[in-house]
Amino acid sequence: MKHTEEQIIAAENRLHIVIPKMYREFMLADHAMEFDDGILYDIEAIAERYVTLGFSESAPELIPIGNDNGDYELVMKSGSKTTRFGFLEQGSIGTAEPQHLQNFIKWYESGHLFSQEKKEKIDWSAKVKVVLKKCPEDKVRTIMKIRKAFQLETPAAQLLSAAENTPFVLTEKLTAIVAKKIIEQEQLQSWVEIRF
C-alpha cells in the first residue's frame with residue numbers, strides 16, 4: 001500500500017509518537033509488506049496495534065511495525081534516528097525489552113526472516129533484573145507502592161534518591177514470571193520493567 005507523508009504525520013500526532021525515519025522512508029517507497037512468515041505494518045496497522053496491544057499504556061516508547069504471524073511483534077523505538085528493531089512477545093509488552101535487535105534495512109534486504117529460530121526464547125523461570133526505568137510523576141506515592149509490591153529492603157529514602165537517576169535496578173531476586181505478575185497486578189508498567 002502506498003503511503004503519504006500526511007497519513008504518517010496524522011498518525012504520529014494522534015498517538016504522540018515519532019515513526020523512525022528509516023521506517024517512514026520504507027513505507028513511502030511502497031515496499032512489499034506481506035510475506036509467508038510474517039507481515040510488516042502500514043501506518044493504519046501501526047496505529048491500530050499501538051492502541052489494541054497496549055503499547056500506548058504499557059510501552060509508549062515502542063512502535064509495533066510487524067508480526068511473525070504469531071505471538072511476536074516487531075518493534076522499533078519511537079524517534080527519527082532509530083534504525084534497529086527487535087522482536088517482543090505480545091505477553092511481555094511493558095515488562096520486557098525487545099530481543100534479537102538488528103538493523104531494519106539490512107534485515108529486510110537480506111531476506112526478512114521472521115522465523116522463530118532467530119528469536120531468543122524467554123525463560124520465565126530465570127532470575128531477572130527488575131528495573132525502575134523512569135521517575136514517576138507522583139514519586140513518593142509510586143515509590144512506596146513499588147517498595148511494598150516487590151518487598152524491597154532498600155530504604156525508602158535511597159529509592160527516592162535513585163528514582164532521579166534511572167534506570168535503577170530494584171532487585172535481582174525474582175524470577176521473570178513473578179516479576180511480570182507483580183508489575184501487571186500493581187499496574188507498574190509505566191515505571192518498572194524486567195531485563196533478562
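Values in this text are rule-based calculations from the coordinates and carry no lab data. The structure displayed is predicted, hence computed values, not measured ones. Cβ placement follows ideal geometry from the backbone for every residue including glycine, while neighbour counts extend to all protein chains displayed.
Some points to look at:
- Against the test of being within 30 Å of A179 (Cα to Cα), surrounded by 21 or more Cβ atoms within 10 Å (Cβ to Cβ) and in contact (Cβ under 8 Å) with a residue 24 or more places away in the chain, the options I65, I19, I93 yield a single qualifying residue, I65.
- If you go through the stretch 52-64 and keep only what is within 15 Å of L74 (Cα to Cα) and in contact with a helix residue (DSSP H, G or I) (Cβ under 8 Å, 6 or more places away or on another chain), you end up with L53, F55, L62, I63, P64.
- Which listed residue, of H112, H31, is surrounded by fewer than 17 Cβ atoms within 10 Å (Cβ to Cβ), more than 10 Å from the chain's Cα centre (by Cα) and not basic (K, R): H31
- Residues being surrounded by fewer than 17 Cβ atoms within 10 Å (Cβ to Cβ) and either within 13 Å of A59 (Cα to Cα) or among the acidic types (D, E) (or both) - total across the stretch 69-85: 1
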